[in-house]
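Here the structure comes first, spelled out in structure tokens, and everything after it is commentary.
The values are calculated or read from the model by the stated rules, or taken from the named source; none is laboratory data. Model, not experiment: these values are computed from the prediction. Every residue, glycine as well, gets a Cβ built from its backbone with ideal geometry; the counts of neighbours run over all protein chains shown. Surface accessibility is based on the protein's heavy atoms, side chains included, excluding ligands, DNA and RNA. Shrake-Rupley method; radii C 1.70, N 1.55, O 1.52, S 1.80 Å.
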Amino acid sequence: MKITRTLPHTFKCIGIGLLIAGCGGGGSGSAGNASGSGQNLAGSPSSPPAPATAPPDSSQPVLALPSNVANGSTVALECGRVYRGTLDLAGKSNVSVKTNGTCGKAVITPGQEITGWTRHQGNVWVAPVAFDAAQVIVDGRPMAKAHWPSKSQTWATSSSTSANSLGYAMPNGDLNGATLVFRQHDWSIEARRITGYSGNTISFTSTGNSAYYDLAATQPVKFYVEGKLWMLDEADEWVVNAGKLYVWTPDGQSPEGRTWASPDMAAIDATNSSGISVEGVRIYGASNGIGAQGARNLRVANTEIVNSSENGIFNTGGSGLNVDGIAIRNTRHNAIYVRWGGGNESIRNSTFDSTGVLGMPTNSNGAVTLTLSPGATVADNTVRNSGYIGIRVFENSTVSRNTIEGSCQVLTDCGGIYASSENQQALNTRIEGNTIRNTSPDKRLSWGVQLDDANTVTVSNNTFAGNHNGIMLFNSANINVSGNRFDGSTQAHIQMAESRSGGVRNNSVSGNTFTSGAGEEMYRVSSDLGSAAVAQFGSYGNNSYSSSNSRFANFNGELVTFAQWKSRTGQDSSSTYTGP
């Protein structure tokens, strides 16, 4: 099966059971058994640690942010100083925020250093805290909120589930106000606020957090709970209880002098603003680094956004976002998030590191998520270690010269670069000159480039290395795949799949270089309409193939040699093949 989506986010399973294995399956060693080499539902245990990011300098008095900022004004912050709170630019226009001086970027943070630690018991330490923390950072790295089960197990499985409840015999009944996190699908993780527990039934309601889809569970699900003191039972965890912060540091030592906590507050609130410019500042330990829902023409340059408990830049409903030369690191959900609305974004020369991989598994739309934004340019960026998609774009967009490495670490049905259209409308989008590496080589349903129901996309001159699969064309037409290099895929370099709704036609695969050194297939192609439909997927020619084995392709469930591939497709006679 393959999971596809109708924008912005509804999903269905359809039956292409031969080759895609979207809702289950085994290994890639034989025809008709096409899932990957396994999946790590936990995600986080195999993810690299979050980059250490130095907390703000607490040696000088913290400064207050200006209030009542006038339209058209400049907010000049002193270099090297720390400003606490939220800079309120909601509804403002043409305001510039910058650092004044050359002694280092000014820092804006809603958080603060936590002091006065004493040992609570064992390796758990406690200190007073004046707010309900949304994030705790030790030695520059965010820690996980206390949870059950432990990280080594990650998930429990419910005995029953309904829209507002879940059945399980919990080890402790103190759950009211905690958070329930569950995973029913490959591509999403949901969260709910627990309202009660009785008779082995957990009752819950929506969190109201836009990072989640609020999709109801319809069957027993994998889940964990977080946010209660009794759950604090291992290193690298924290929880707030009755005005006190409890922490078990990674090394078990005192948190004194190295612990930072933040409330659920943005560093800059630019909601419904216009023409705001943020340049040369550092944003640390906020919920949204820049909360800019509905903002138009927001410009962010030469800025760091570090350790965000929600998103780096939240610009859903806005348009014209311009990002140049920034770094967003350690983001709980999404680095740049434009879930709906949008248009004419420019994302350039920036680094997005560790998005959606912090702590326990959580939902993420992607590092750079421009779900319905027409006319976007995403160029010359580095995207590393993403829980879900690396870069997502829509129509009339260009994705060029980016390096995308380590996407799809937590969620699957996922691509390093992803594009989708509704009803195969023409996207007129170009994906060119990118390097896409290590897109979950150990997870099924992950691709370097994933195109769902797409039409009129050019994928050219990219380098694919060490991905589970190179490219997926699902129900996609008029796709030009040319001049790319493929090497080291776990399963297949190019996949094409068609449901009974059909539509995989007029695709072109030409002038590419394929190397298969570990048994991976050059192609994996299938249709619910049968082998005759597969033969009509497109044209193949002028490619260079090199393989260490005779298994060239998987043609609708049949493993074929290069000679058989040419016979089945009636194509590729102009290509070269080196191998057994």
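Sort segment 332-381 into rounded, prolate or oblate with this rule: let a ≥ b ≥ c be the square roots of the eigenvalues of the Cα gyration tensor; rounded if a/c is under 1.5, and if a/c is not under 1.5, prolate when a/b is larger than b/c, oblate otherwise.
oblate
Rank P128, T102, S160 by how far each Cα sits towards the positive end of the charge dipole of the chain (+1 on Lys, Arg Cβ; -1 on Asp, Glu Cβ) and give me just the farthest.
With unit charges placed on the Cβ atoms, the residue in question is S160.
Compare the Cα positions of V378, S150, A301 along the charge dipole of the chain (+1 at Cβ of Lys, Arg; -1 at Cβ of Asp, Glu; about the Cα centre) and return the one farthest towards the positive end.
V378
To the nearest 20 debye, what charge dipole does the chain have about its Cα centre, counting +1 at the Cβ of each Lys and Arg and -1 at the Cβ of each Asp and Glu?
For this selection, approximately 420 debye.
Would segment 366-453 count as rounded, prolate or oblate if I go by the C-alpha gyration tensor, calling it rounded below 1.5 in a/c and otherwise prolate when a/b exceeds b/c, oblate otherwise?
oblate
Separation of segment 251-279 and segment 509-580 by C-alpha centroid, Å?
51
Going highest first, how would you order 430-440, 250-260, 555-565 by mean Cβ packing within 10 Å?
The peptides rank, most packed first, as 430-440, 555-565, 250-260.
Counting every Cα pair in the chain, what percent are over 47 Å apart?
15
From the helices alone, meaning DSSP H stretches of at least four residues, give me the mean residue ellipticity at 222 nm for the chain, per-run term -39500 (n - 2.57), in deg cm²/dmol to the nearest 500.
It comes out at -500 deg cm²/dmol, rounded to the nearest 500.
If you take the square roots of the eigenvalues of the alpha-carbon gyration tensor of segment 147-232 and sort them as a ≥ b ≥ c, do you get rounded (a/c under 1.5), prolate (a/b over b/c) or oblate?
Since a/c stays below 1.5, the shape of segment 147-232 is classed as rounded.
Please name whichever of W248, G280, A216 sits farthest to the positive end of the charge dipole of the chain, dipole taken about the Cα centre and charges placed at Cβ: Lys and Arg +1, Asp and Glu -1.
Farthest towards the positive pole: A216.
Placing unit charges on C-beta atoms (Lys and Arg positive, Asp and Glu negative, everything else neutral), compute the dipole magnitude of segment 387-500 about its Cα centre in debye, rounded to 20.
220
Would you work out the charge dipole size for segment 500-562 about its Cα centre, treating the Cβ of every Lys and Arg as +1 and the Cβ of every Asp and Glu as -1, and quote it to the nearest 20 debye?
Here the size comes out at about 120 debye.
Ignoring ligands, DNA and RNA, what accessible area per residue does the chain give at 1.4 Å, in Å²?
With the other protein chains kept in place, the chain gives 33 Å² per residue.
Can you work out ³J(HN,Hα) from phi for every residue in segment 135-144, in order, using Karplus 6.51 cos²θ - 1.76 cosθ + 1.60 and θ = phi - 60°, giving whole Hz and x for Gly and Pro?
My calculation for segment 135-144 gives 7, 10, 10, 10, 6, x, 10, x, 9, 7 Hz in order.
Hey, what did the chain get for relative contact order, percent, Cα under 8 Å, at least 6 apart?
It comes to 11 percent, rounded to a whole number.
For the chain, give the share of DSSP beta bridges that are antiparallel, in percent and rounded to the nearest 5; count only bridges with both residues there.
Counting only bridges with both partners in the chain, antiparallel ones make up about 30 percent.
Antiparallel versus total DSSP beta bridges in segment 197-327: what percent is that, nearest 5?
30
Determine the order of M360, M265 by accessible area, beginning with the largest, at a probe radius of 1.4 Å.
Listed by decreasing accessible area, they come as M265, M360.
Would you mind telling me the share, in percent, of accessible area of segment 250-343 contributed by carbon and sulfur at probe 1.4 angstrom?
C and S fraction of accessible area: 40 percent.
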